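The values are calculated or read from the model by the stated rules, or taken from the named source; none is laboratory data. Please read these numbers as outputs of a predicted model, since none were measured by experiment. Backbone-built Cβ (ideal geometry, glycine too); neighbour counts: all protein chains shown.
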């Protein structure tokens, strides 16, 4: 009897040890798989996730790459407790394969980290750097904004339209100038007012500025490119019974009675493609500076809402779009 008990105890211990070994092998296998994936870190703007625009689109591009099991990624949202510089430092110390930063607002902080970690690869969205280890993706957003201007110029009954930007940075000045030239291409008599909030994260401020533009400047179509600040502006434009044009993603659901269209900047697609290119080229980029526009389908417009173009207007729109896309028509950008 005792002999049988000893045998059973021995078998139980053997089974337990076997399970432990199998579990350890399984965890080791999972770790080995994780180690083979490219590690990507992204530093968002201070507005962070939930802006329904720039940050969300960039994040979604990495989500798609992660879901296809080509990468693992982490992100940082700069705040009072974590500066963008500190976020880049964290990712660099942890030796992420690729570190991404969004917009000109993080350029200085990224360059500090890039200079300190010269063997680390960075990718900057919507701006450029001379440092050799910072690649960049820039958009000819002025081309998409030109199309937005065409729609605004055709829709305006007051011949008075507006541009409401977040911060007055080079990328948004390109938006403004492309928009103005698109308006004037179809409506030479129109006036275009430009206002900058100085903030991408203040919905209340966006509401106030939109209200002021409508009531004091008599604009009836506003192109809004201001992140979360723009969300407040879109709601107010709808409340005032005027028209709006969204940006970066399809913002129709934010103001369904006001939105005419949204200027798409396909950041998610561009980041997704850049990450895959980085992986395929053994953790390098074939080109240091990637610039994409209408011809590459990197920018464009969503379908139209709350407006129907006549046959003549549609033909004008299509002709102007073709000329911009082909390079036949050039948009003038001030330095």
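Within segment 173-196, the only residue that satisfies the criterion of being closer than 24 Å to residue 50 by Cβ and either buried (at least 24 other Cβ atoms within 10 Å of the Cβ) or touching a residue at least 40 places away in the same chain (Cβ under 8 Å) (or both) is 175. Are any residues in segment 90-108 outside any loop (DSSP other than H, G, I, E, B), buried (at least 16 other Cβ atoms within 10 Å of the Cβ) and free of Cβ contacts under 8 Å to residues at least 60 places away in the same chain, and if so, which ones? Once the filter is applied, which keeps residues that are outside any loop (DSSP other than H, G, I, E, B), buried (at least 16 other Cβ atoms within 10 Å of the Cβ) and free of Cβ contacts under 8 Å to residues at least 60 places away in the same chain, segment 90-108 yields 90, 91, 92, 99, 101, 107.
Every residue, every condition in (1) at pLDDT below 95; (2) within 19 Å of the chain's Cα centre (by Cα), yes or no:
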residue	(1), (2)
62	no, yes
86	no, no
97	no, no
100	no, yes
106	yes, yes
109	no, yes
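Scanning segment 169-188 for residues that are modelled with pLDDT of 95 or more and part of a loop (DSSP other than H, G, I, E, B), which turns out farthest from residue 221 (Cα to Cα)? Selected residue: 188.
Condition check ((1) part of a helix (DSSP H, G or I); (2) under 24 Å from the mean Cα position of the chain (by Cα)) across all residues:
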residue: 278; (1), (2): yes, yes
residue: 282; (1), (2): no, no
residue: 286; (1), (2): no, yes
residue: 308; (1), (2): no, no
residue: 312; (1), (2): yes, no
residue: 316; (1), (2): yes, no
residue: 320; (1), (2): yes, no
residue: 331; (1), (2): no, yes
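Any idea which residue in segment 261-270 is farthest from residue 37 (Cα to Cα), counting only those that are modelled with pLDDT under 95 and not in a loop (DSSP other than H, G, I, E, B)?
264
Of the residues in segment 27-49, none is modelled with pLDDT of 90 or more and either part of a helix (DSSP H, G or I) or loosely packed, with under 10 Cβ neighbours inside 10 Å (or both). Selection of segment 200-259 for residues being out of contact with any helix residue (DSSP H, G or I) (no Cβ under 9 Å at 6 or more places or on another chain) and within 17 Å of residue 175 (Cα to Cα) yields only 250.
Residue 250 falls short on exactly one of the conditions (1) in a helix (DSSP H, G or I); (2) surrounded by fewer than 22 Cβ atoms within 10 Å (Cβ to Cβ); (3) in contact with a strand residue (DSSP E or B) (Cβ under 6 Å, 6 or more places away or on another chain), and that condition is (1). Within segment 75-89, residues that are in a loop (DSSP other than H, G, I, E, B) sit with their Cβ atoms under 6 Å from residues that are surrounded by fewer than 21 Cβ atoms within 10 Å (Cβ to Cβ), at 6+ positions apart or across chains, in these pairs: 77/48; 78/46.
When 81, 74 are checked against the criterion of being closer than 14 Å to residue 37 by Cβ and in the same structural domain as residue 278 (by TED's automatic domain parsing), 74 stands alone in meeting it.
Hey, among the residues in segment 288-306 that are part of a loop (DSSP other than H, G, I, E, B) and at negative phi, which one's modelled with the lowest pLDDT? Give the derivation first.
Going through segment 288-306, the residues part of a loop (DSSP other than H, G, I, E, B) turn out to be 288, 293, 297-298, 302-306.
Subset that is at negative phi: 288, 293, 298, 302-305.
Details: 288: 96, 293: 92, 298: 89, 302: 96, 303: 96, 304: 97, 305: 97.
Residue satisfying both the conditions and the ranking: 298.
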